[in-house]
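Q: Quick one: this structure, given as structure tokens, is what I'll be asking you about.
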Amino acid sequence: MFNMTVDKSDEFYLAIAKDVEGHSFLFAGVQSNGKNHLLARVGKGRANHDRVCQFIFKFAFSSLKGELFDEGISRRKGRRHAINYVAYTINYQQYLDFISLLQQIQGKKIQKSYECFKPVEENGTQVTLTYTDETTVLTRPIVPKPAADEIIEQMETLHCTNTCRHSALSLVNYVLDDKQATQNVSKQFFNDLPYQTTLVADDGDEFEKVIREKKVVHQFVRPTPEIPFYILPAPPSSFKNLAPLKLKVMTELYQQLEKMLHIAPESQETAYKFSLLKNLYNEKMGLNEESLSDFIASVGEWRNRYRQELKTLRKTYFFDRYCTRQTATEKMFSRFDEYFAKTEPKP
């Protein structure tokens, strides 16, 4: 039995991913003590193995029987495979919601299980996660959300408008309790997701698994530490009752977080700049009672504090030697100044 101790304040996340074969799946993880650990991995596939012609016909014009499969978070030691992905921050409570939903699905199926890390004990802010495929009494009672039955039903069919990608998106929306959370992610399973990494089986102690009657040395899988792994914060649509100006500013900031990763994503400069903007976003979204004047003042102060970092170009061209070019982030803050100037009362 494997146990892991994490803190409730650690960054849990859900990631939608696509492998080289075109299959979309979902994995959950946690960033704890500077390390990235996978906690669960599931993906929808066809339950029955029809002939190719039957599969194509049913997929296009009818539907196939589908299942949400446990795809496992361990692989043969050292195995690597490339994926593209998009990941979203969730909190500890939302991870409990996710595990609770898997256990609901497990309870409705015969001989169906999901082997993953489940919260079984709390001690203050510390949580013990146990790796098991058994239905487990979680650390606190979880009341299923109203959409739970609809999500479970969606997992039971597979067709061109309800693919592995659709189901992965629905699971993220369910956990975030926000139907718009993944609105910028393509629903077409053949389209790549925006960011890239490699999953590598090198996390934790080695252990043996019996596969096709042979013992194989496995390790848990994690995103490679050689490439920055980016986790987007919860989108603005997940927050309620935001003032119109704050919603406008935070939406643009969130969009910048999404777009900036298309330039030099593997560089430490990008990782650092992303973390700065993400911290600002999380700080402002966490201050629900902040007045509009305080919000405007604090954004301006933050900009002045990190002005040098904001003006750093992460991709340069030969003509940059001869002229000064604003970064996209600087342009965004200039737009914020315009919004704030229209809002502040004139003397």
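The values are calculated or read from the model by the stated rules, or taken from the named source; none is laboratory data. Note that the structure is predicted; figures quoted are calculated from it, not measured. Please note: Cβ atoms are built from the backbone with ideal geometry, for glycine as well, and neighbour counts cover all protein chains shown.
Q: Can you find even one residue in region 118-127 that is under 29 Å from residue 199 (Cα atoms), surrounded by fewer than 15 Cβ atoms within 10 Å (Cβ to Cβ), assigned by TED's automatic domain parsing to the domain that holds residue 66 and in contact with a helix residue (DSSP H, G or I) (Cβ under 7 Å, 6 or more places away or on another chain)?
A: No, because not a single residue in region 118-127 is under 29 Å from residue 199 (Cα atoms), surrounded by fewer than 15 Cβ atoms within 10 Å (Cβ to Cβ), assigned by TED's automatic domain parsing to the domain that holds residue 66 and in contact with a helix residue (DSSP H, G or I) (Cβ under 7 Å, 6 or more places away or on another chain).
Q: Can you find even one residue in region 194-217 that is touching a helix residue (DSSP H, G or I) at 6+ places or on another chain (Cβ under 8 Å) and in contact (Cβ under 8 Å) with a residue 12 or more places away in the chain?
A: Checked region 194-217: at least one residue is touching a helix residue (DSSP H, G or I) at 6+ places or on another chain (Cβ under 8 Å) and in contact (Cβ under 8 Å) with a residue 12 or more places away in the chain.
Q: Then there's this: Taking the condition under 24 Å from residue 65 (Cα atoms) and modelled with pLDDT of 95 or more, does residue 169 pass?
A: So residue 169 fits the description; yes.
Q: Can I ask one more? Could you tell me which of the residues 19, 10 is modelled with pLDDT of 95 or more, surrounded by fewer than 20 Cβ atoms within 10 Å (Cβ to Cβ) and within 25 Å of residue 136 (Cβ to Cβ)?
A: 10
Q: Same structure again: Inspect region 39-52 for any residue being part of a helix (DSSP H, G or I) and at pLDDT below 95 and give the result as yes or no.
A: Looking for residues that are part of a helix (DSSP H, G or I) and at pLDDT below 95, one finds at least one in region 39-52, hence yes.
Q: Among the residues of region 276-287, are any modelled with pLDDT of 90 or more, under 30 Å from residue 12 (Cβ atoms) and more than 26 Å from the chain's Cα centre (by Cα)?
A: no
Q: Of all residues in region 206-224, how many are surrounded by 13 or more Cβ atoms within 10 Å (Cβ to Cβ) and not in a strand (DSSP E or B)?
A: 1
Q: Here's something else I'd like to know. Go through region 266-304 residue by residue and tally those that are part of a helix (DSSP H, G or I), among the small types (Gly, Ala, Ser) and either farther than 29 Å from residue 34 by Cα or outside the structural domain of residue 246 (by TED's automatic domain parsing) (or both).
A: 3
Q: Being modelled with pLDDT of 95 or more and outside any strand (DSSP E or B) is the filter here, so list the residues in region 125-163 that pass it.
A: 125 - this is the single residue of region 125-163 that is modelled with pLDDT of 95 or more and outside any strand (DSSP E or B).
Q: Right, here's the next one. What single numbered condition from (1) surrounded by fewer than 16 Cβ atoms within 10 Å (Cβ to Cβ); (2) at pLDDT 90 or above; (3) assigned to a loop (DSSP other than H, G, I, E, B) fails to hold for residue 111?
A: (2)
Q: Just wondering, is there one or more residues in region 238-259 that are more than 25 Å from residue 299 (Cα to Cα) and either among the hydroxyl-bearing types (Ser, Thr, Tyr) or not in a helix (DSSP H, G or I) (or both)?
A: no
Q: Let me ask you something else. Pull out all pairs, ordered by first then second residue, where Cβ-Cβ is under 9 Å, the residues are six or more apart or on different chains, the first lies in region 159-171 and is without any contact (Cβ under 8 Å) to a residue 12 or more places away in the chain and on the phi < 0 side of the Ramachandran plot, and the second is outside any strand (DSSP E or B) and surrounded by fewer than 20 Cβ atoms within 10 Å (Cβ to Cβ).
A: 161/187
Q: Also: If you check residue 234 against the conditions, is it in contact with an Asp or Glu (Cβ under 9 Å, 6 or more places away or on another chain), surrounded by fewer than 18 Cβ atoms within 10 Å (Cβ to Cβ) and more than 21 Å from residue 72 (Cβ to Cβ)?
A: Judged against the criteria, residue 234 is not a match.
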